Amino acid sequence: MAAKSQKPPKPQTNKKELLHLYREMLLIRRFEEKAGQLYGMGLIAGFCHLYIGQEAVVTGVNAAIKEGDQMITSYRDHGHMLALGMSASGVMAELTGRSGGYSKGKGGSMHMFSVEKNFYGGHGIVGAQVPIGAGLGLANKYLNNGKISTVFFGDGAANQGQVYEALNMAQLWKLPTLFIIENNQYAMGTSISRSTAQKDLYKRGLSFGVEGVQVDGMDVLAVRDATKKAAAHARSGKGPMILEMMTYRYRGHSMSDPAKYRTREEVSEIREEHDPIDMVKNRLLKEKWADLDALKAIDKDIKAIVAEAVEFAKTSPEPDPSELYTDVLLEVGT
Amino acid sequence: MSIDIQMPALSPTMEEGTLTKWLVKEGDSVKSGDMLAEIETDKATMEVEAIDEGVVGKILVAEGTQNVAVGTVILQLLEDGEGLDVLSAPIEAPTPDATPKPAPVSSVSSTPEPEQSTASVQSVPTEIEVPAGTAMVETSIRDALRDAMAEEMRRDERVFIMGEEVAEYQGAYKVTRELLQEFGEGRVIDTPITEHGFAGIGVGAAMGGLRPIVEFMTWNFAMQAIDHIINSAAKTLYMSGGQMRCPIVFRGPNGAASRVGAQHSHDYSSWYANVPGLKVVAPYDAADAKGLLKSAIRDPNPVVFLEHEMMYGEIMDVPDMDDYLVPIGKALVRRVGSDVTITAHSRMVGRALEAADILADEGISAEVIDLRTIRPLDSDAIIKSVKKTNRIVCAEEGWGQSGIGAEIATRVMEQAFDYLDAPPARVFQKDVPLPYAGNLEALSLPNAQDVVAAAKGVCYAN
């Protein structure tokens, strides 16, 4: 890890917290595995970007922020919604394009929102969520509501110009915003070494005076701790920070990606040695906070939640044809 | 030989200005770079620099003189050794038509739209709900827009403005004049020159519960930001199944200015009119500028508000009312007629009214419809008029292909085909990037005569 990164002693946690984080990450993994299956069966169409491998990032961030803080991300968004407590059924039904989905079937995998759970999308244009997320920060500062916004984007989006426009203004105006780079090493099929002249993305804010930290994004507790510090920084009026989460996606960029740009060995090495869920599982067992039976029971619970979501996503009706023309404009005065 | 120093044109749109203050007096020696006077233009207060060395001879225009035409000799500078006796009577201020070099070009000076059209505007107040006896206040369009923003900012603390030069500079076109002083830097926010970024920040602020007004110095620069206007602002309500609102106004000058070349002269009306999820407004007069902008700020949807750079300085009547709102989506019959319908928006309304005057002299009665809103387009008003006149000319400043006129002509043919006595005609900018040369620029932009010709065409009166 590079200069600014920290290698703290083993992060503090406890049985209750770690079991909770395990459940959260497992829900994302099982949900995504199922989504991949449904895509293969033709129940999910279009683009579908899975989060498998990156679960520790959003789970760790969510463990560090406060109720009411906002999240906004790209099209690889299922994990963020589940972490924020949006219902698995509502998300899955959106993937299948049904009326019970979060966007009534009109948004799809890449476009979901929940004002109630502080999730601001779900954005399909690479990098566009970054200034929008800074705008959420501007609203927080303007309203003096004590909230921070967390903006997630990938190593690919980190090369978009608007990211730097946003960083500049966020620092200039001391916006309470965290810029969280999920560096999964591949911008679609282009590895970071083939797309990026200077690969330490946490340094990308230095010329604006935005501090950056590189974090082991496969370690949910490291993510939690780094985010806690950064959140305190942003909330105290010192302005934004960059967190570069070093992570890895096991699946292709989207379901239609055969992932020919990397070797099978590369993927299995990460899966076997650095899997974020296995790391937590091992610690739970080592600390004797859970035995294999207890973990199996959790797995069973999660599978039941996902099965219920799938059932809902299959049976929820398609949107009524009358929905075609709704939600284009709001009535004046509403 | 003395040197005549003329009232300079300090902006592309300036035709006259106020000589607010002399910084030299007669007998002073000046050298190149010295400040001679302060001049208030249509955009800002600026200083006039000496270019030549010499002694201030005669000051010909007193401090505080308003409406000094560009080109008027304001001071005579003596070269070393010369006495006052060399001073000759200054040449008279040239009329704008004869101005040899400064900005006001023939295409501008040949369009005395507001003076001629005001009568027509006032003669048909039927669709604006202004109580009888309401006083009218002469207001520039610039100030009408400013007043709209100030009133809405007083009314709703969530409303703020951001953009380039909106605060300290008081607005690149002075549209945000004194807002900083009244509302402070928290609500009048200068941005860096970074349209893509601040448009996105505006969208995020709207989603986060505020009511942003995002000013683009011109809509030409908003090309950098069009992704956020369309993908992030216009589509989100639908993509979220009605959950995520984005109440935001994007505003600024649109269309051809004067002699600023192709990249600064683009009319985007039809671009934004193409997008569901947006409202697109393009006012013509000062009252509409105010009333429609207030409605736009209160609208829960993203609104694209297209102003006209060449019209900011036009002074027109605005009703003296506490809360003057003009509804979005309603066209206005600016002039009642029976032989042909002319549709137009923004500055082109003035051209259309001018054409209607000319046509009246030739015995053709034209009805002029000011679209005011481009999306949603008030089809009903147009169809109703065409059913009466049986002929239509669709006039706009932008290009023809896929333009506003193309859309209107199609709707008329779909909904009133049997009423038409002639194919619909269109008037639009020539199908070329706007040229810089004064003569070519004038040739490429549609004027009143083009509208007259098209109207005669559909009346078979040529």
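Computed quantities for the displayed model
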| read-out | value |
| --- | --- |
| Mean residue ellipticity (222 nm) of chain B, computed from DSSP H runs ≥ 4 via -39,500 (n - 2.57), nearest 500 | -8000 deg cm²/dmol |
| For residues of A:137-145, the mean tally of beta carbons on other chains within 10 Å | 6 |
| Rounded FRET efficiency, nearest 0.05, which uses the C-beta distance separating A:Lys300 from A:Asp200 and R0 of 45 Å | 0.60 |
| Residue-averaged beta-carbon neighbours from other chains (10 angstrom radius) around B:160-169 | 1 |
| Between segment B:237-293 and segment A:236-267, the Cα center-to-center distance that results, in Å | 38 |
| Dipole-positive endmost among B:Trp271, B:Ala172, B:Leu36 within chain B (Cβ charges, Cα centre) | B:Trp271 |
| Efficiency of FRET between B:Asp418 and A:Lys314 - r from beta-carbon atoms, R0 51 angstrom, step 0.05 | 0.50 |
| Two-site label geometry, B:Glu168 and B:Lys430: point separation in nm, points 7 Å out along Cα→Cβ | 4.3 |
| Positive-end residue of A:Leu43, B:Phe160, B:Met223, charge dipole of the protein assembly as shown with Cβ unit charges | A:Leu43 |
| Charged-residue dipole, Cβ positions (Lys, Arg, Asp, Glu), segment B:135-319 about Cα centre, Debye nearest 20 | 580 |
| B:Gln6 long-range amide H proximity, modeled H, under 5 Å | B:Ile74 |
| Interchain or long-range residues, amide H under 5 Å from B:Arg211's placed H | B:Val159, B:Phe160 |
| Highest-fluctuation residue, A:Ala45, A:Ala157, A:Ala134 considered, GNM on chain A with Cα pairs under 10 Å | A:Ala45 |
| Shielding by partners, peptide B:219-227 (average Cβ within 10 angstrom, other chains) | 1 |
| By average C-beta atoms within 10 angstrom, highest first, the peptides B:203-214, B:176-187, A:218-229 | B:203-214, A:218-229, B:176-187 |
| Shape call, chain B: gyration tensor on alpha carbons, a/c limit 1.5 | oblate |
| Across A:Lys147/A:Lys238; A:Lys203/A:Lys238; B:Lys174/B:Lys430; A:Lys147/B:Lys235; B:Lys174/B:Lys279; A:Lys66/A:Lys104, pairs whose alpha-carbon gap is larger than 21 Å | B:Lys174/B:Lys430; A:Lys147/B:Lys235; B:Lys174/B:Lys279; A:Lys66/A:Lys104 |
| Under-5 Å amide H pairs with B:His308, H placed in peptide plane, nonlocal only | B:Asn254 |
| Packing-based order for B:429-442, A:139-152, using average beta carbon neighbours within 10 Å, highest first | A:139-152, B:429-442 |
| Peptide ranges B:281-291, B:410-420 listed from the most packed, as the mean C-beta count within 10 angstrom indicates | B:281-291, B:410-420 |
| Pairwise FRET efficiency - A:Arg264 versus A:Met188, Cβ, R0 = 22 Å, nearest 0.05 | 0.75 |
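Quick note: the coordinates plus some simple rules give every number you see, no bench work behind them. For clarity, every value in this text was computed on a predicted model and none was experimentally measured. Virtual Cβ from ideal backbone geometry, glycine too; neighbours counted across all protein chains shown.
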